[in-house]
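A short write-up of the structure that comes next.
The values are calculated or read from the model by the stated rules, or taken from the named source; none is laboratory data. All values derive from a computational prediction rather than experimental measurement. Counting neighbours? That spans all protein chains shown, and the Cβs are built from the backbone with ideal geometry, glycine included.
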Amino acid sequence: MAIYKDVWIFGDYRNYFQNRVTLQLLSRGKELARDLGGNICVLLMGSDITEYAMEYIAHGAEVVYAIEHPDLAEYQVETFTRIAADLVHVYQPEVFLFGATSFGREFAPRLAARLGTGLSADCLSLEIDPETGNLFQTSPAFGGSLMAVVVTPHKRPQMATVHPGVFREKVHDYTATGRIIYPDIDVEIDVRVELIRSRQSISKGIDLENAHTVVAGGRGMESQAGFQLLSELAELLNGQVGATRPAVLAGWAEEERLIGQTGKTIKPKLLLTCGTSGALQYTAGFMGSDAVIAINKDPHAPIFQHSDLGLVGDVRAILPLIIEALKKRI
Ligand SMILES: Cc1cc2nc3c(=O)[nH]c(=O)nc-3n(C[C@H](O)[C@H](O)[C@H](O)COP(=O)(O)OP(=O)(O)OC[C@H]3O[C@@H](n4cnc5c(N)ncnc54)[C@H](O)[C@@H]3O)c2cc1C
């Protein structure tokens, strides 16, 4: 008989502590589970994972399904997919959520296809419809020109990926209790891809998600020299530099600085966004910012609809003036 009540989160611990998306999903997932009358559960696969299981319980998980095996020490998408699909058939969760990490983006679609269910990518909001129990999954659609509310009415589980930073994690409670279940499952590693070596990339201290001030630039910065101005300003403001997709593609900023639907979600006290048009895929990444100031030479640029203060003019003329004024004050 179908259970279809629990909310599952994929326990993506690979870049913990830097990447807190599992904890953020636990926070929102718990509210969804309450609305459904089910449990909030984490699926955890790996080797030596008890510590993560305890961490997830401290952050609200009621049940952790732990698949502990030395051969799972490295993430392996084929094996993870097979195990997760088997467990979904046994436990039948209603909702299954994944962080839109590099692995989550590879794993979730593969699993959804295996299960024959739907998946919404890069959701910005998740709500339960009280009438039907369906999950309203809001994500940018049609190239980002509109927000679509996606439902999966006929298939289960309802699956979605969510970017780090969209939801806020709750404060941990190490007195919280939960169950760790070790399902009796075959962990046979039968893969077509052999992992030869894995190496951690150094993030060069870029921490956009937690920055109090972000100075971001887009195509309108026009060059690497334009981004030098942003770096100088960010340094004066003790902030971080962010970028839009075209600026990253042009090589003016590193991929880790990308803000938006396929990049980071930021919530700074102040965002100064320069030479950016205000495409939905970009603005989706800074909706939670306290104050937004935009500089654009086009008075009709949509970015002004997303900003508290707008300066119409050439960034190359305005930024040096701001930098000069700040230098005088310091
Ligand atoms: C599936 C999908 C996902 C995407 N994800 C992302 C994402 O995560 N993040 C992201 O950023 N984009 C993303 N994009 C791309 C997005 O749609 C836009 O193309 C992009 O955000 C536009 O970047 P921009 O504002 O820098 O460039 P443009 O849209 O070209 O805007 C440049 C702006 O600069 C202004 N300007 C030009 N010169 C000057 C000057 N000298 N002084 C002042 N202003 C000037 C112009 O008036 C213009 O408004 C995605 C697209 C798709 C289809």
**Request:** Working carefully through the options Leu319, Leu230, find the one that is touching a Cys at 6+ places or on another chain (Cβ under 7 Å), among the hydrophobic types (A, V, I, L, M, F, W, C) and more than 14 Å from Thr213 (Cα to Cα).
**Result:** Leu319
**Asked** Which one of Asn238, Asn296 is crowded, with 17+ Cβ neighbours inside 10 Å and more than 30 Å from Ala160 (Cα to Cα)?
**Response** Asn296
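This table checks each residue for (1) within 16 Å of the ligand (Cβ to nearest atom); (2) in contact with a strand residue (DSSP E or B) (Cβ under 7 Å, 6 or more places away or on another chain).
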site: Phe98; (1), (2): no, yes
site: Ala113; (1), (2): no, no
site: Leu119; (1), (2): yes, yes
site: Pro130; (1), (2): no, no
site: Gly133; (1), (2): no, no
site: Ala141; (1), (2): yes, yes
site: Val151; (1), (2): no, yes
site: Gln158; (1), (2): no, yes
**Message:** more than 8 Å from the ligand (Cβ to nearest atom), surrounded by fewer than 19 Cβ atoms within 10 Å (Cβ to Cβ) and in a helix (DSSP H, G or I): is that true of Gln281 in this structure?
**Reply:** no
**Message:** Among the residues that make up region 165-187, is at least one of them farther than 27 Å from Asp290 by Cβ and within 16 Å of the ligand (Cβ to nearest atom)?
**Reply:** no
**Prompt:** Inside region 37-82, can you point out the residues that are polar (S, T, N, Q), modelled with pLDDT of 95 or more and within 22 Å of the chain's Cα centre (by Cα)?
**Reply:** Thr81
**Prompt:** If you take the residues of region 182-217 that are over 30 Å from Asn238 (Cα atoms) and surrounded by 14 or more Cβ atoms within 10 Å (Cβ to Cβ), which of them is modelled with the highest pLDDT?
**Reply:** Ile185
**Message:** Please determine whether any residue of region 76-90 is in contact with a strand residue (DSSP E or B) (Cβ under 8 Å, 6 or more places away or on another chain) and in a loop (DSSP other than H, G, I, E, B).
**Reply:** no
**Pick from region 233-253, criterion part of a loop (DSSP other than H, G, I, E, B) and away from the ligand (no atom under 14 Å from the Cβ), ranking: farthest from Ala211 (Cα to Cα)** = Leu237
